[in-house]
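The values are calculated or read from the model by the stated rules, or taken from the named source; none is laboratory data. What you see is a predicted model, and the numbers here were worked out from it, not measured in a lab. Virtual Cβ from ideal backbone geometry, glycine too; neighbours counted across all protein chains shown. Side chains are part of the model used for accessible areas, which takes the heavy atoms of the whole protein and leaves out ligands, DNA and RNA. Shrake-Rupley method; radii C 1.70, N 1.55, O 1.52, S 1.80 Å.
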Amino acid sequence: MSAGGGKKAIIAALTANAGIAVAKFVGAAITGSASMLAEAVHSVADTSNQGLLLFGQRAAEKDADELHQFGYGRNRYFYSFVVALVLFTLGSVYAIYEGIHKIQHPEELSQPIVAIVILGIAIGLETFSFITAVRESRPLKGDASWWRFIRTSRSPELPVVLLEDTGALIGLILAFGAVGLTMITGDPVFDGIGTLCIGALLGIIAVVLIIEMKSLLIGEAATPEQDRAIRDNLIDGEKITSVIHLKSEYIGPEEMLVAAKVAIAPGLGIADVAEAIDAAETRVRAAVPFARLIYLEPDLYRQSVS
């Protein structure tokens, strides 16, 4: 994913969530709905999260320096991890607390029709953000399932936005149902139950994101497809005969470090070895453009080499 492509989805989500948050707070103030208030806090968390994603992208663009010689690409992973923590603390924990409180001490809703109208508008805006994220993600997803895309993507922003928007849409439907049941039955406890369900939903999404972003932050290797492409293109069958071992790691969403020991055909001179190494690097970069940092160690193949 290019930063530009992810940025379009992030900006769409930020714009939608900022407008939704204002509308929900107004609705919560008028109606006294706990589920509406939980959704308002959720939208504030989402808006803040999109701001953090944009900040992370900008921070990742800093040039490498003496302290960080491989650059600052992992800033995008770090701020995406912070997003997951914000979603859990500000979204999930607050909603669960508010839901339990409203179940124990239910309060009547005033003008619930206002909440219904605002939630309907919010669903429309959130759908726009979700469709934008899906459209931006589809070329990268390919034939894989959406779940596999979220689990295997080495770029953090689009999976984060997709999960956030999915959670927001389901949360809005839960809030809509909770307010609707409260209107139909006259029992405000349904509003608290809806709030509790929203908190549980946000908690599940936040935990998934925390796990995935932690893995990226620690450092993930090339995908199996990329690993095969790297191995295939290191070997030319003449000067480089095999790959003895290979290590790879993403040091940023669009920058991979590749280190390998390759077996050189016996009898080659230093100039021929250097030429073979340079050619192998060129082939690998053409096949896997993200493999920008490549370090190859030439050796003679021996059964005991590891």
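For the chain, report the accessible area per residue in Å² (1.4 Å probe, heavy atoms, rounded to an integer).
I get 46 Å² per residue for the chain.
Grab the Cα-Cα distance for Ala265 and Lys214, subtract it from 0.36 nm times how many residues apart they are, and report the gain in nm with one decimal.
In short, 14.2 nm is gained.
Using +1 at the Cβ of each Lys and Arg and -1 at the Cβ of each Asp and Glu in the chain, identify which of Ala168, Ser92, Trp147 lies farthest towards the dipole's positive end.
With unit charges placed on the Cβ atoms, the residue in question is Trp147.
Dipole of the chain (Lys/Arg Cβ +1, Asp/Glu Cβ -1, origin at the Cα centre): which of Pro188, Ala28, Gly73 lies farthest to the positive side?
Farthest along the dipole direction, towards plus: Pro188.
Using DSSP, restrict attention to beta bridges with both residues in the chain and report what percent are antiparallel, rounded to the nearest 5.
Restricted to the chain, the bridges split so that about 55 percent are antiparallel.
Efficiency by 1/(1 + (r/R0)^6): what FRET value for Tyr295 and Phe55, r their Cβ-Cβ distance, R0 = 25 Å, to the nearest 0.05?
Calculated transfer efficiency: 0.20.
Within region 89-126, what residues put their amide N at less than 20 Å from the label point 7 Å along the Cα-to-Cβ vector of Ala200?
In region 89-126, the label zone of Ala200 (backbone N under 20 Å from the point 7 Å along Cα→Cβ) covers 89-106.
Consider a paramagnetic label point 7 Å from the Cα of Asp278 along Cα→Cβ; state which residues of region 245-270 have an amide N under 14 Å from it.
270, by backbone N distance to the label point.
With a 1.4 Å probe and all protein chains left in place, how much of the accessible area of the chain comes from carbon and sulfur atoms, in whole percent?
C and S atoms contribute 65 percent here.
How much accessible area does Thr47 have with a 1.4 Å probe, in Å² rounded to the nearest 10?
Surface open to solvent at Thr47 totals about 30 Å².
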